[in-house]
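For reference, the structure discussed in these notes is given below.
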């Protein structure tokens, strides 16, 4: 039943959020009967409009500010209110601009309100890679049941940036080690940032994957070699067999050389 | 009138000091040893008809590109007016004029960057841009003070003066070296004159702090007028150029960034004594913002003195500040630029991890402040694990100091940043600026990963305390305006903040630290105090003497 609800919600949300990658406009989603978080959010919007009308109006009208990195963010005291969460979820379902949707996604955890059970649906229905990236990143603060599902889905995302962010989010989430299998699969990803992020995640969680990581010491990409070396060090594999790492003391990348030299000095 | 008096004193003093048999060097009013130029016909400068009165000091001016008379034209584009305070004046001593015989003419010609120079006499353009290089003959009776107007930065030219007799013989020659100031970006040891920040309502505490401490030295810029763009450090870079006759031209380097503050320089800064210029065009990256362009204090590197310090900026591989800006800075010669690796930062600016503060007790007179994540972790661990850290809860997901301490991934992330980026950056600073560890203050800092960046991946988790403003107003204590770390329970004061107290304890004696609340408007928007402030400063060195070795001889 939950799967059907999720599918229905995904379809409902697909209309605005599954816009083409070029950001073209789409119509707002319709509310489907039987939705969990979505129905809750709409009910909360109605409640807040009655009980906290000024607050609700302020959140619904809040304009994002432009960060120094030229991205958008929602900031201010109203964001740090749990009641902002359903209002942001409501706005997300209506918003046509992917940059604003990304800002809404980024703000959700900062409200301290309910958002985690919406992440999977929002991710599944989202057509813009940047927004999916931010949604996945937001999962690091979500409970495991909600977070790990969306992270695992994102590890198979068509966009390399999203896959890499998923791996980084896995490393950041306290239960990310439960995704060892999915992370290990990403060690052979076509995109170097994904391979590097996956290697790093395994190392951070102390998951021994020496056999899968050692080939990455010869990866063409320096970030991958660096991440693999670090992961092997963190998981104790280097101490057991220093030879593969020792060769990297002559790596063309100075970061890799420094790390390899430090490890070599510690081993000896 | 003052310009002429200054010029007359310089020129006459140089002439008077150049007695026969003296060596070539002499002191002039400009404060340095300026060798007078001897004429080509008489190597010892002796004019058989007038003694050594045709020796002139070098002329070191400034580009005359502002609009002192308010006629809408750059002053270089018209004859010098009474209001024009940027021309240089070459005064002919009475003895020089008296030495001319009936029928003598003086022929003037230019060589070198003649297109950036104009020579005026009595309101008439003689040679230079718009009149050719000459020679132009002036009757002895018509010769008087010459006004020299420069039309560019770092111009190097020579004015040749030949006294020609009625019979056509060159009786005497003199050459005057002409040079205009290069563009020199300001560093933090220069006295601060005025401060600007953009008021947007949500940063009331930020603005109030500046107003209460700086008074009328601070201007709150209307955020409504400039689209809420608070990143005023990123839009412009100040430089202040002096001349040897008391001139001063402030050049505001206006970034191609062109967000809300695109028109700020022209609206509020340009006027008599100040111009705005942009180098480069086209698509701007984050690296084109001028929080990513700074200058060190004066340094000596491998025996070479840089009296105006060295310029530095952040770069990600081949992507850095616009090539036109980089090339322009290099062409100025006096602040040999170098690059730092800011690959790792979401915003990518050098002010996110480094700054310089005055320290009169230090041998070099300053300290380099640089972020250090190991120290940051030490500070966090020094706090009680159960201590609430207020704003960090909702805004960063860490409700107690213990939440941070327990985040193994966060610790790993910061270890990586230190090893892969901050340590090498410090090594680069030491190499490029001739610094040792004694010149460095490592400042506790912590970063976190953020998604959705176009560039790198890290931003400040704890407000970057090195991202500060140095307010060294003459006659007042040296003040630092520093982002408040807010690493304490809500409602607690700065005295209970381990990051704030650690920072204050590390600063050189005599610096007055003011912590500024920049959380919502700046920190959560990926910037801090320095990013949101800009400062006009006073030039302190004479480039024509202090940087002569960098500019090269004529």
Between a first residue in the range A:218-238 that is on the phi > 0 side of the Ramachandran plot and assigned to a helix (DSSP H, G or I) and a second residue that is modelled with pLDDT of 95 or more and surrounded by fewer than 20 Cβ atoms within 10 Å (Cβ to Cβ), which pairs have beta carbons less than 6 Å apart while being 6 or more apart in sequence or on different chains? none
Filtering the range B:354-367 for residues that are part of a strand (DSSP E or B) and within 17 Å of residue B:509 (Cβ to Cβ) leaves a count of 5
Considering only residues that are closer than 14 Å to residue B:265 by Cα and part of a strand (DSSP E or B), look in the range B:221-244 and name the one that is farthest from the chain's Cα centre (by Cα). B:222
When (1) modelled with pLDDT under 55; (2) part of a loop (DSSP other than H, G, I, E, B); (3) surrounded by fewer than 16 Cβ atoms within 10 Å (Cβ to Cβ) are applied to residue B:16, the one that fails is (2)
For the range B:419-450, what are the residues that are part of a loop (DSSP other than H, G, I, E, B), surrounded by fewer than 20 Cβ atoms within 10 Å (Cβ to Cβ) and either at pLDDT below 95 or within 13 Å of chain A (Cβ to nearest Cβ) (or both)? none
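Only one of B:168, B:152 is surrounded by fewer than 21 Cβ atoms within 10 Å (Cβ to Cβ), assigned to a loop (DSSP other than H, G, I, E, B) and in contact (Cβ under 8 Å) with a residue 60 or more places away in the chain. Can you tell me which?
On the way: B:168 fails: in contact (Cβ under 8 Å) with a residue 60 or more places away in the chain.
B:152 is the lone residue from the list that is surrounded by fewer than 21 Cβ atoms within 10 Å (Cβ to Cβ), assigned to a loop (DSSP other than H, G, I, E, B) and in contact (Cβ under 8 Å) with a residue 60 or more places away in the chain.
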Which count do you get for residues in the range B:87-134 that are in contact with a helix residue (DSSP H, G or I) (Cβ under 9 Å, 6 or more places away or on another chain), under 16 Å from residue B:177 (Cα atoms) and part of a strand (DSSP E or B)? 6
Quick test of your reading of the structure: residue A:95 fulfils all but one of (1) away from chain B (no Cβ under 11 Å); (2) farther than 24 Å from residue A:66 by Cβ. Name the failing condition by number. (2)
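Could you please let me know if residue B:392 is crowded, with 21+ Cβ neighbours inside 10 Å, within 12 Å of chain A (Cβ to nearest Cβ) and out of contact with any strand residue (DSSP E or B) (no Cβ under 8 Å at 6 or more places or on another chain)?
Numbers: crowded, with 21+ Cβ neighbours inside 10 Å: yes; within 12 Å of chain A (Cβ to nearest Cβ): yes; out of contact with any strand residue (DSSP E or B) (no Cβ under 8 Å at 6 or more places or on another chain): yes.
Answer is yes for this residue.
Quick check: is even one residue across the range B:451-469 within 14 Å of another protein chain (Cβ to nearest Cβ), without any contact (Cβ under 8 Å) to a residue 40 or more places away in the chain and closer than 29 Å to residue B:416 by Cα?
Yes, because at least one residue in the range B:451-469 is within 14 Å of another protein chain (Cβ to nearest Cβ), without any contact (Cβ under 8 Å) to a residue 40 or more places away in the chain and closer than 29 Å to residue B:416 by Cα.
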Which condition from (1) within 15 Å of residue B:419 (Cβ to Cβ); (2) within 14 Å of chain B (Cβ to nearest Cβ) is the one that residue A:207 breaks? (1)
Take the range B:503-531 and flag every residue that is within 14 Å of chain A (Cβ to nearest Cβ) and assigned to a helix (DSSP H, G or I). B:523, B:524, B:525, B:530, B:531
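Residues A:112, A:127: which one is surrounded by fewer than 22 Cβ atoms within 10 Å (Cβ to Cβ) and more than 14 Å from every other protein chain (Cβ to nearest Cβ)?
On the way: A:112 fails: more than 14 Å from every other protein chain (Cβ to nearest Cβ).
Exactly one of A:112, A:127 is surrounded by fewer than 22 Cβ atoms within 10 Å (Cβ to Cβ) and more than 14 Å from every other protein chain (Cβ to nearest Cβ), namely A:127.
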Checking residue A:84 against (1) within 14 Å of chain B (Cβ to nearest Cβ); (2) more than 25 Å from residue A:120 (Cβ to Cβ), which test does it fail? (2)
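Looking at this structure, is residue B:402 within 18 Å of residue B:496 (Cβ to Cβ), in contact (Cβ under 8 Å) with a residue 12 or more places away in the chain and either within 14 Å of chain A (Cβ to nearest Cβ) or crowded, with 22+ Cβ neighbours inside 10 Å (or both)? Working first, answer last.
Details: within 18 Å of residue B:496 (Cβ to Cβ): yes; in contact (Cβ under 8 Å) with a residue 12 or more places away in the chain: yes; either within 14 Å of chain A (Cβ to nearest Cβ) or crowded, with 22+ Cβ neighbours inside 10 Å (or both): yes.
In short, yes.
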Check off (1) in a loop (DSSP other than H, G, I, E, B); (2) surrounded by fewer than 18 Cβ atoms within 10 Å (Cβ to Cβ); (3) within 14 Å of chain A (Cβ to nearest Cβ) for residue B:347 and give me the number that stays unchecked. (2)
Taking the range A:222-234 as the search range and keeping residues that are within 13 Å of residue A:211 (Cα to Cα) and within 12 Å of chain B (Cβ to nearest Cβ), which one is surrounded by the most Cβ atoms within 10 Å (Cβ to Cβ)? A:231
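Quick one: which residue in A:152, A:185 is farther than 24 Å from residue B:419 by Cα, out of contact with any helix residue (DSSP H, G or I) (no Cβ under 7 Å at 6 or more places or on another chain), part of a helix (DSSP H, G or I) and modelled with pLDDT of 95 or more? Working first, answer last.
Numbers: A:152 fails: out of contact with any helix residue (DSSP H, G or I) (no Cβ under 7 Å at 6 or more places or on another chain).
The unique qualifying residue is A:185.
Need a quick list: strands (runs of 3 or more DSSP E) entirely within the range B:253-340 having at least 3 residues that are modelled with pLDDT under 95 and in contact with a strand residue (DSSP E or B) (Cβ under 6 Å, 6 or more places away or on another chain). If you could, list the steps in order and put the result at the bottom.
On the way: elements: B:274-277, B:293-295, B:299-301, B:304-306, B:311-315.
Strands (runs of 3 or more DSSP E) meeting the threshold: none at all.
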Please count how many residues of the range A:72-92 are closer than 14 Å to residue B:519 by Cβ and either out of contact with any helix residue (DSSP H, G or I) (no Cβ under 6 Å at 6 or more places or on another chain) or assigned to a helix (DSSP H, G or I) (or both). 4
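The values are calculated or read from the model by the stated rules, or taken from the named source; none is laboratory data. All values derive from a computational prediction rather than experimental measurement. Virtual Cβ from ideal backbone geometry, glycine too; neighbours counted across all protein chains shown.
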